[in-house]
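Engineer: Sharing a structure with you now.
The values are calculated or read from the model by the stated rules, or taken from the named source; none is laboratory data. Small disclaimer: the values here were computed from a predicted structure and weren't measured. Every residue, glycine among them, receives a Cβ derived from its backbone with ideal geometry; neighbour counts consider all protein chains shown. These area figures cover heavy atoms from the full protein model, side chains too; ligands, DNA and RNA do not enter into them. Shrake-Rupley method; radii C 1.70, N 1.55, O 1.52, S 1.80 Å.
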Amino acid sequence: LNFLLLIFASAVLFSHNWVLGGFKDDPLGNFLSSLGGIAGAAVNGFFIISGFLIMGSWESRKSADSYLRARVARIWPAFVVAFFVSLLIAAFAAGGDWLRYLRSIPKQSYVVGTFTLDPFELERPLSFVHNPYPKTVNGSMWTIRIEFCCYMAVALAGSIGLLRRRWLVALFTAFAICLAAYEQHFLPEVAWLRWARFAAYFGAGALLYLYRSHVPRNGWLALLCFGLLWTADYVSPYFTVPVAVTYRIFYA
């Protein structure tokens, strides 16, 4: 699963090279249009596996405190390193204006950016100003904060006993899928950025963990899920893709 996470993260970087470089969509994006292109499909897969692993982490920990320490240790140090490496690269790209770029970032932005997992704090008028997609310093880290919020949601739900009622997780996931489908249909220009999308995929992975002893490894089911992916363009992808992709990933 960690290997798949690495593949998905690399696919996001690959796809964003094209978008941020001004080359429109990546060359493979048309084959995954219903999933939001290579980057969209990879992020979806990342959240599915994350939901599965994080639910397992919650069940294996003896306390919420232990769970939270593990989650912070997994995300925060690496994010801080990536944040400041991105800052140095942006300053280097500013050329002779590197010092002016650094001074344009308020001191509180470093604190806010690192503690709230927000890479947008690095974006200033001097950030890659001549690029086709200007002012964007790190276009791939913005979903980290959403993923961490999913971690916190699991901690909250588990602490008040909601996770002991698996049907509530199923109900939440179904609601997130329906809300994401609504947004994709009525708000298509921003649907792929909405939180419901991430909640739907994270919830699908978490749900598979909770019901893992009831889900068979069956080739015919895998083939059916593969067929559902091909029909996703004819209905809202959110009604079929979260379930189909989740099963395909774990069947593989």
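Engineer: Out of Ile146, Gly113, Leu126, whose Cα points farthest toward the positive end of the dipole of the range 88-176 (charges: +1 Lys, Arg; -1 Asp, Glu; placed on Cβ)?
Structural biologist: Of the candidates, Ile146 comes out farthest on the positive side.
Engineer: Relative to the longest principal Cα axis of the chain, at what angle does helix 37-60 sit, 0 to 90 degrees, rounded to 10?
Structural biologist: So the inclination is approximately 60 degrees.
Engineer: Tell me the angle of helix 64-93 to the major Cα principal axis of the chain, expressed in degrees between 0 and 90 and rounded to the nearest ten.
Structural biologist: 40
Engineer: Ok, one more. Counting other Cβ atoms within 10 Å, keep those with at most 15, restrict to DSSP loop, and tell me which trypsin sites (Lys or Arg not before Pro) in the range 121-172 are left. Please report the intermediate quantities before stating the final value.
Structural biologist: Numbers: sites: Lys135, Arg145, Arg164, Arg165, Arg166; in loops: Lys135, Arg165.
Passing both the DSSP loop test and the Cβ count: Lys135, Arg165.
Engineer: Okay, moving on. To the nearest 20 Debye, how big is the dipole of the chain about its Cα centre, given +1 on the beta carbon of each Lys and Arg and -1 on that of each Asp and Glu?
Structural biologist: Details: 20 positive and 12 negative charges, 156 e Å.
The dipole magnitude comes to about 740 debye.
Engineer: Expressed in nm², what is the orientationally averaged projection area of the convex hull enclosing the Cα positions of the chain?
Structural biologist: Details: hull surface 58.1 nm².
Mean projected area of the Cα convex hull: 14.5 nm².
Engineer: Can you tell me, using C-alpha contacts under 8 Å and at least 6 residues apart, the relative contact order of the range 51-164 as a whole percent?
Structural biologist: Details: 97 pairs, mean separation 30.5, N = 114.
Value for the range 51-164: 27 percent.
Engineer: For Glu59, what accessible surface area do you get with a 1.4 Å probe? Give it in Å², rounded to 10.
Structural biologist: Accessible area, nearest 10 Å²: 100 Å².
Engineer: Turning to a different aspect of this structure: Which FRET efficiency value, to the nearest 0.05, is calculated for Leu156 and Phe120 with the Förster distance at 25 angstrom and r the Cβ-Cβ distance? It would help to have the intermediate numbers written out before the result.
Structural biologist: Details: r = 25 Å, r/R0 = 1.01.
That pair, Leu156 with Phe120, gives E of 0.50.
Engineer: Mind listing the Cα extents of the range 87-217 along all three principal axes, in Å, largest one first?
Structural biologist: Computed over the Cα atoms, the extents are 61, 34, 28 Å.
Engineer: Sticking with this structure for a sec: Rank Gly22, Pro216, Ile7 by how far each Cα sits towards the positive end of the charge dipole of the chain (+1 on Lys, Arg Cβ; -1 on Asp, Glu Cβ) and give me just the farthest.
Structural biologist: Selected residue: Pro216.
Engineer: Here's something else I'd like to know. Hey, rough spin-label estimate for Ala70 and Leu13, points 7 angstrom out along Cα→Cβ, what's it come to in nanometres?
Structural biologist: 2.7
Engineer: Tell me the label-point distance for the pair Leu168, Ser104, using the 7 Å Cα-to-Cβ offset, in nm and rounded to one decimal.
Structural biologist: 4.8
Engineer: Give the relative contact order (percent, whole number) for the chain; include only Cα pairs under 8 Å separated by 6+ residues.
Structural biologist: Working: 289 pairs, mean separation 54.7, N = 252.
Dividing the mean separation by the residue count of the chain yields 22 percent.
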